[in-house]
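J.: One structure, pasted below without further comment.
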Amino acid sequence: MRWTIFAFFAYVFLALDMGLTPMLEIGSGERGVAPCFLLILMVYIASMGPSHAVRWAALILGLILDLSASHATSDGRAATVVGPYALGFVLGAALTVQLRGLVYRRHPFTTGFLTLVSGACAFVPAVFLLTMRRIVFTGLGSESVIVWVASDALVHAFLTVLYSALVAVPTGWALNRLVGLFGFQVHPRLGHPR
């Protein structure tokens, strides 16, 4: 895998996450749902890349999502929590690596299906970790805790993953045209990386 190309696409997909969210958002405010382009990129790399590189790429993309996401706190400020999405993306990538031998990787619907499955595996641990953080900080008597309701967060995460899976189909089609650019070696007839 070519890491400079990965860095470029991570930047582009972060820009898509930040820039297209207002245009693609369904609903408004806290209940608005938008696709997560970084999740789609993570699934694509996990389905095509070498296993040793996939873990690092997923960790990096999860950290980018952690650093770009802000959570409202009880005192009105915004907090950035590093770790939940990074761990979730690593778990989602591990699941994708296990499932990629069962699917035809170059088919665009495969990217959508794997985004749905690994997105659920990535976002559920993130919601769990943020919920545990809120419980611990509340128990310690902290004045600045994340305003967080686990059930609402799980529903929002499920809708985000579902929307991302729908957007992953055309995005996966476009990314499949760039397999050689990433440096993934693909078997000419089977469509599987060697």
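Only the coordinates and a few stated rules stand behind these numbers; no lab work does. Just so it is clear, the structure is predicted and the values come from calculations on it, not from any experiment. In this analysis, Cβ positions are derived from the backbone assuming ideal geometry, glycine residues included, and neighbour counts consider all displayed protein chains.
J.: Can you compute 3J(HN,Hα) from phi for each residue in region 159-173, using the Karplus curve 6.51 cos²θ - 1.76 cosθ + 1.60 with θ = phi - 60°, rounded to whole Hz and x for Gly and Pro?
T.: In residue order, the calculated couplings are 5, 5, 5, 4, 5, 5, 5, 5, 6, 5, 5, x, 5, x, 4 Hz.
J.: In the calculated pair distance distribution of region 3-182, what percentage of Cα-Cα distances lie above 30 Å?
T.: Pairs farther apart than 30 Å: 17 percent.
J.: HN-Hα J couplings of region 148-157 from phi, Karplus 6.51/-1.76/1.60, θ = phi - 60°, integer Hz, Gly and Pro as x?
T.: 8, 10, 4, 5, 5, 5, 5, 5, 4, 5
J.: What does the charge count around Arg177 come to, taking other residues whose C-beta lies under 15 Å from its C-beta (Lys +1, Arg +1, Asp -1, Glu -1)?
T.: +2
J.: Right, next: Could you run the Karplus curve 6.51 cos²θ - 1.76 cosθ + 1.60 with θ = phi - 60° over region 66-74 and give me ³J(HN,Hα) per residue in whole Hz, x for Gly and Pro?
T.: 4, 6, 8, 8, 10, 10, 5, 10, 5
J.: Which value at 222 nm does the chain reach when only helices count, each DSSP H run of 4 or more adding -39,500 (n - 2.57), with the total divided by all residues and rounded to the nearest 500 deg cm²/dmol?
T.: Estimated from H runs of four or more residues: -23000 deg cm²/dmol.
J.: Just add up the charged neighbours of Phe113: K/R +1, D/E -1, any other residue whose Cβ is under 14 Å from the Cβ of Phe113.
T.: +3
J.: Let me ask something additional. Before anything else, pin down the relative contact order of the chain: Cα pairs under 8 Å, at least 6 apart, normalised by residue count, whole percent.
T.: Relative contact order of the chain: 27 percent.
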